[in-house]
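> I have a structure I would like to understand better, so I am pasting it below and will then ask my questions one at a time.
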Amino acid sequence: MTAGDLFLQQAINGLSLGAMYSLLALGFTLVYGIMELINFAHFNVFMVGSMIAMLVLQAFGLSGQQTILTGLPLVGVLLVGFVVSMVGCGLIGVFIERFLLRPLRNVKGPAAMITTIGVSYILFNVVLLTLGTDSKNFPNPLPPIKWEIGGAVLRMREVLIWGIALVLMGGLTYFVTYTKLGKAMRATAQDPEAARMMGVEVDKVVMSAFFLGSALAGASGMIFGLYYNLAKVDIGFAAGLRAFTAAVLGGIGNVPGAMLGGVLIGLIESGSGQVIGAAWTDVVIFGILVLVLVFRPAGLLGRLAPNKS
Amino acid sequence: MASTPLLEFKNVNTYYGDLHVLKDVNYTIGEGEIVSLLGGNACGKSTTMKTIMGVVRAATGTVTYQGQEINGLATSERVRRGIAPVLEARRLFARMSVFENLEMGAYTQPRGAQFDDDIARVYELFPRVKERRNQQAGTLSGGEQQMVAIGRALMARPKLICMDEPSMGLSPLFVELVFDTIQTINRQGVSIFMVEQNANMALSIAHRGYVLQSGAVVLSGTAAELRSNEMIKQAYLGEMEAPVA
Ligand SMILES: Nc1ncnc2c1ncn2[C@@H]1O[C@H](COP(=O)(O)OP(=O)(O)OP(=O)(O)O)[C@@H](O)[C@H]1O
Ligand SMILES: [Mg+2]
């Protein structure tokens, strides 16, 4: 491989990681944008999403990488996997909001944030006790189709991940930009009290943000499984932290910012892994984060926190 | 009063935690009236607005709208029934377009022909708003923002508009325009409850008024009565008050 090929290969890998981080970062940003809450439960909602996806694929009789599907069965199995993990995670998000966070809505201080940390550990332990700590083989039914671009390899896996991420991010952008509920979400993020006085039911908006963000974490979890061919109870922490970093890098509360931040973190991760070794990845990622925050405290695209009046 | 008032406060008390803000307050706003609420800083004017909108709840006493007690009614339902706010400092959604702000005003209303009519009416009332419809609301001048804020309230098809200091921070020309518009809207059958520090202007268009002091109503009457009241003359009409930034 030439240096150019290596660069291209890392860009391909980085974009896949980036797709995963972007989807996960959006959940942090949606919730933060609306209620200025860092939702640490999101880390492990993501992990649960990858577990759900694994169980769904296994329920179709797939295990490991032995069973290859093509055509309609492949599309069907992947679709069911994504839909079930997204809806499952979305409902977990709704449950967390409705029963654990809403009672704390008017409590000042860190109570809500601490609750999300607690929920994160509960999710972690539930999976630990039911599915164990071992690294599991995540079924991957994709046929080994690949395209050579110079010396770099583009596999079907990457194309699928990019396609899913584009559809989901496009869908979210459409939702937030053009639908009535999406506009209510933006209005609430900018000025919750004014939005309420327009007749917006803020509870509904907050719940929608949790549903959407958590559903995207579910999709991200399935992408993690397809990318690494594994599922493990502790994947939430590293991926969640990078996705959170991505959200801050792009400007937390800012939807395009989370997408951009996720892609950048993905590219940085694969690039630094190539250039100076994977062990340095976190140092590079957080180094860049610190630099960006020093020079642009609101993140690359600006933090869109509520208007203070 | 012969007919049931549109909105009525009876012995309303409100609190923020331990802070007792409104103290046994009584207001009535009749159909078709412009009622002005005067008072100095921090006396509870905005709290009155928020209590009408249901963002702050009356701890004791009753708030009645169209003859029905609405103490427990959600804000969204109040808006749906025709109470719309023009908030203090305008509070537009700064990073949404002017058009989207108007859409938010119509949040409780069905979309369709009625929406198009309402938008057309707002554009007719404020041609400037039409020109600026695709601009980010946060980039408008203060006066333009106030037009959008009033237009946004109109999009809710209100029977009652609650305005919190609509003249605040505006140039005299815009103040004039805003008060003219308030009268125009009122003539179309919308009742207006208006908080103002600009007592001169407020009493020149209001039918009646209340004076609030430390959360209690200390004076009420027709606009003419209030204008000739010695206390008002001294406290509020002596000179044009500097607009509060
Ligand atoms: N959310 C809140 N929490 C606690 N105290 C509040 C809150 N909102 C208002 N207050 C207090 O209640 C009192 C009345 O406030 P309010 O906003 O109703 O005054 P106002 O008459 O509108 O004043 P201004 O002319 O400055 O707008 C003030 O002392 C204010 O500090
Ligand atoms: Mg006020």
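The values are calculated or read from the model by the stated rules, or taken from the named source; none is laboratory data. Worth saying up front: this structure is predicted, and the values here are computed from it rather than measured. Ideal geometry is used to build each Cβ from the backbone, glycine not excepted, and the neighbour counts take in all protein chains shown. What goes into the accessible areas is simple: the full protein's heavy atoms, side chains included, and nothing from ligands, DNA or RNA. Shrake-Rupley method; radii C 1.70, N 1.55, O 1.52, S 1.80 Å.
> Of everything in region B:77-102 that's in contact with a Phe, Trp or Tyr (Cβ under 8 Å, 6 or more places away or on another chain) and open to solvent by less than 50 Å² (accessible area, probe 1.4 Å), which residue is nearest to the other protein chains (Cβ to nearest Cβ)?
My answer is B:79.
> Any residue in region B:8-27 that is without any contact (Cβ under 8 Å) to a residue 60 or more places away in the chain and farther than 20 Å from residue B:192 by Cα sitting within a Cβ distance under 8 Å of a residue that is within 10 Å of ligand 1 (Cβ to nearest atom) and in a loop (DSSP other than H, G, I, E, B)? List the pairs, counting only those 6 or more apart or interchain.
Listed by first residue and then by second, the contacts come to B:14/B:44; B:14/B:56; B:16/B:56.
> Let me ask something else about it. Which is without any contact (Cβ under 8 Å) to a residue 60 or more places away in the chain and surrounded by 22 or more Cβ atoms within 10 Å (Cβ to Cβ), of A:187, A:215?
Selected residue: A:187, the only one of A:187, A:215 that is without any contact (Cβ under 8 Å) to a residue 60 or more places away in the chain and surrounded by 22 or more Cβ atoms within 10 Å (Cβ to Cβ).
> Same structure, new question: Across region B:184-220, what is the number of residues that are assigned to a loop (DSSP other than H, G, I, E, B) and not hydroxyl-bearing (Ser, Thr, Tyr)?
Summing the residues that are assigned to a loop (DSSP other than H, G, I, E, B) and not hydroxyl-bearing (Ser, Thr, Tyr) in region B:184-220 gives 8.
> Further question: Can you tell me which residues in region B:42-60 are open to solvent by 30 Å² or more (accessible area, probe 1.4 Å), away from chain A (no Cβ under 14 Å) and within 16 Å of ligand 1 (Cβ to nearest atom)?
If the condition is that a residue be open to solvent by 30 Å² or more (accessible area, probe 1.4 Å), away from chain A (no Cβ under 14 Å) and within 16 Å of ligand 1 (Cβ to nearest atom), then B:42, B:59 are the ones that fit.
> Quick one: which residue in A:266, A:302 is at pLDDT below 95 and open to solvent by less than 40 Å² (accessible area, probe 1.4 Å)?
A:302
> Can you find even one residue in region B:2-13 that is more than 12 Å from ligand 2 (Cβ to nearest atom), out of contact with any Cys (no Cβ under 7 Å at 6 or more places or on another chain) and within 14 Å of chain A (Cβ to nearest Cβ)?
Within region B:2-13, none of the residues are more than 12 Å from ligand 2 (Cβ to nearest atom), out of contact with any Cys (no Cβ under 7 Å at 6 or more places or on another chain) and within 14 Å of chain A (Cβ to nearest Cβ).
> Considering each residue of region B:214-224, count those that are closer than 17 Å to residue B:46 by Cβ and surrounded by fewer than 16 Cβ atoms within 10 Å (Cβ to Cβ), and give that number.
2
> Also: With the structure loaded, tell me whether residue A:115 is touching a helix residue (DSSP H, G or I) at 6+ places or on another chain (Cβ under 9 Å) and of a type in the set (S, T, N, Q) or whether it fails that test.
Against the criterion (touching a helix residue (DSSP H, G or I) at 6+ places or on another chain (Cβ under 9 Å) and of a type in the set (S, T, N, Q)), residue A:115 qualifies.
> Given the criterion touching a helix residue (DSSP H, G or I) at 6+ places or on another chain (Cβ under 9 Å) and within 16 Å of ligand 2 (Cβ to nearest atom), identify the matching residue among B:46, B:76, B:36, B:97.
B:36
> Given (1) of a type in the set (D, E, K, R); (2) open to solvent by 20 Å² or more (accessible area, probe 1.4 Å); (3) away from chain B (no Cβ under 14 Å); (4) out of contact with any strand residue (DSSP E or B) (no Cβ under 6 Å at 6 or more places or on another chain), identify the lone condition not met by residue A:146.
Status for residue A:146: all satisfied but (4).
> Please report, ordered by residue number, the helices (runs of 4 or more DSSP H) entirely within region A:158-248 with at least 3 residues that are away from chain B (no Cβ under 14 Å) and modelled with pLDDT of 95 or more.
Correct list: A:202-228.
> I would also like to ask the following. Based on this model, can you work out whether residue B:67 counts as at positive phi, open to solvent by less than 60 Å² (accessible area, probe 1.4 Å) and more than 10 Å from chain A (Cβ to nearest Cβ)?
Answer is yes for this residue.
> Okay, next question. Cβ-Cβ distance below 9 Å, separation of 6 or more or different chains: which pairs start in region A:255-276 with a residue that is within 18 Å of residue A:293 (Cα to Cα) and end on one that is basic (Lys, Arg) and buried (at least 24 other Cβ atoms within 10 Å of the Cβ)?
Close Cβ pairs (under 9 Å, with a partner that is basic (Lys, Arg) and buried (at least 24 other Cβ atoms within 10 Å of the Cβ)) amount to A:262/A:242; A:265/A:242.
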